[in-house]
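Participant: A single structure is presented below for examination.
Each value in this text was obtained by applying a stated rule to the coordinates, not by laboratory testing. Given the structure is predicted, the values throughout are model-derived calculations rather than measurements. Cβ placement follows ideal geometry from the backbone for every residue including glycine, while neighbour counts extend to all protein chains displayed.
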Amino acid sequence: MKLAAAGGAPPPAVGGGGGNGATPTVAPVAAGGGAKAPVLPPARAPTAGSMQILINPNQPIKDRPIVALAAGVYSNTILDYEIKADHRCRQATMGLPDGGAIVGDFAIARYIARAAPASSLLPQDPSHLAVVDAWVDYAQSLMLLEEQQRVQAVAMTLTKVLQKQTYVVGTSMSLADITLFAVIGFPAEVEGLAAIEQHIPIEATAALRWIEMMRCSPAIREATQLALGVANGTEAVFDEGADMDPLVSGMNLLEGGIVGNVTTRFPPEPSGYLHIGHSKAVLLNDYYARRYKGRLIVRFDDTNPSKEKEEYEQSIVEDLAALGVKPDMVSYTSDYFGAIYNFALVMINNGMAYMDDTPQEQMKIERADRTESPRRTQSPVEAKEFFLKMCSGSEEGAAWCLRAKIDMKSDNGTMRDPVLFRSVPSLLFLLLSMSSTLRFTHFEYLLTIALRADKTQHLTTVPALTSKHILRMT
């Protein structure tokens, strides 16, 4: 096998390769010429909904759409897709908005990478893009070989290519890296790594370094956990001795939760004393932060001075201590008003929000009737002018509010252009901006339920309203 030149195209493809690279199988012929086997009706083909990825949980992880999931996580667009288990699915399938479907892990991964905003997965430069495509084709052709042959081919090829560079193409992870990692079995877990190490030649030090780098990538690990936990709640083990305690009865796994990479939060408003509902919320968030060896942030929502007192804040601190909760960090929303203000301007400049002076009662009626505000069509320049007037504290500015531009026709009322900002930011906007600023990975809040209640609207019209996508805008 020829070795690729450093930074250049891969060796010639081996054989053909369609779908996700699986070898076609032929049904065995019964010996002896006896009675014919009964003809069973064909199984009903699974149907994938729009932007829905179907995974067969009975298949080993290397046969699940792990490349596609990694592409979604790395490009920060995984929230745009719904992951669903389907035992009838022979190959990974993703539904398209027009009713069509894409079959095969590599094909789905290409779609996700191309649909994502600017990302290193597929470089913008045509020459670099062509090189990445060539590597993906090469990786797909290797899927026809036995595991030992695949591992050795990749190891020896990368030993040459990675002599003076970290990644296969360019200076950051691309789809070429992810597909080659999948070819050798996607060994993110300890067990998978041990299975392939025996096939890697001693002299392939550059390849070994690359494998270790890839398996330690947060995106690779999150994708692995998503693929494993799609149906049966299996948890990935990435490091020796890193097994977690069994879940307490009644608790569920965190979707995509990775040890050391989970941040939860408890955001009390110091305008009263804690009650039993607060206790449930903080204990839940503290449990997951400790189980996943992450951190819990207590963030005081001090945005309404007319109702807040230092007495309540002190009481909350004492009550948390009585519950045995020790936060890893204590913060105040008021410390981040500058960041919140800037997030609002980003949304305005990108046409994702507009300013409205419709009276509250009239706005309530219009949202119920699904009637758009006359202010919805204003330009970003006009919206910014009114936003600055609102923030000035003037009497005229107090009549204005910032609304998210989502979908006034949605069956989900939450999606009908909710208010984000009045004279002070709304709780909705505070949640999203603070979740982004403090890097919350999992948070318990009604908004999450409201968004997921309408999958179609969530997936197609409101990516700007999740913390990960706000990060993308900045």
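Participant: Among the aspartates and glutamates, select those whose C-alpha is under 19 Å from the C-alpha of Lys293, and discard any that sit fewer than 8 residues away in the same chain.
Facilitator: The reachable aspartates and glutamates, counting only those whose Cα sits under 19 Å from Lys293, are Glu189, Glu222, Glu235, Asp239, Glu240, Asp243, Asp245, Glu255, Asp328, Glu444.
Participant: Can I ask one more? Compute the convex hull volume of the Cα atoms of segment 135-247, divide it by the residue count, and report the result per residue in Å³ as a whole number.
Facilitator: Value for segment 135-247: 112 Å³ per residue.
Participant: With contacts defined as alpha carbon pairs under 8 Å and 6 or more residues apart, what's the relative contact order of segment 52-228 in percent?
Facilitator: 26 percent
Participant: So how much slack lies between Ser379 and Leu247, counting 0.36 nm per residue of separation and subtracting their Cα-Cα distance, in nm?
Facilitator: 42.4 nm
Participant: Of the peptides 67-74, 78-85, how do they stack up when ordered by the mean number of other Cβ atoms within 10 Å, highest first?
Facilitator: Put in order of decreasing packing, that is 67-74, 78-85.
Participant: Now a separate question. Ranked highest first by average number of other Cβ atoms within 10 Å, how do 388-396, 217-225 line up?
Facilitator: 217-225, 388-396
Participant: Using only Cα atoms, what is the ratio of the radius of gyration of segment 52-228 to 2.2 N^0.38 Å?
Facilitator: 0.98
Participant: Now for a different question. If the reach is capped at under 12 angstrom between alpha carbons, list the aspartates and glutamates near Lys409, excluding any in the same chain fewer than eight residues apart.
Facilitator: Glu366, Asp369, Glu372, Asp417
Participant: Hey, could you pull the Cα Rg and Dmax for segment 263-327, both in Å?
Facilitator: When restricted to Cα atoms, segment 263-327 yields Rg and Dmax of 11.8, 38 Å.
Participant: Shifting gears a bit: Taking the DSSP beta bridges in segment 52-228 as the whole, what percent of them are antiparallel, to the nearest 5?
Facilitator: 55 percent
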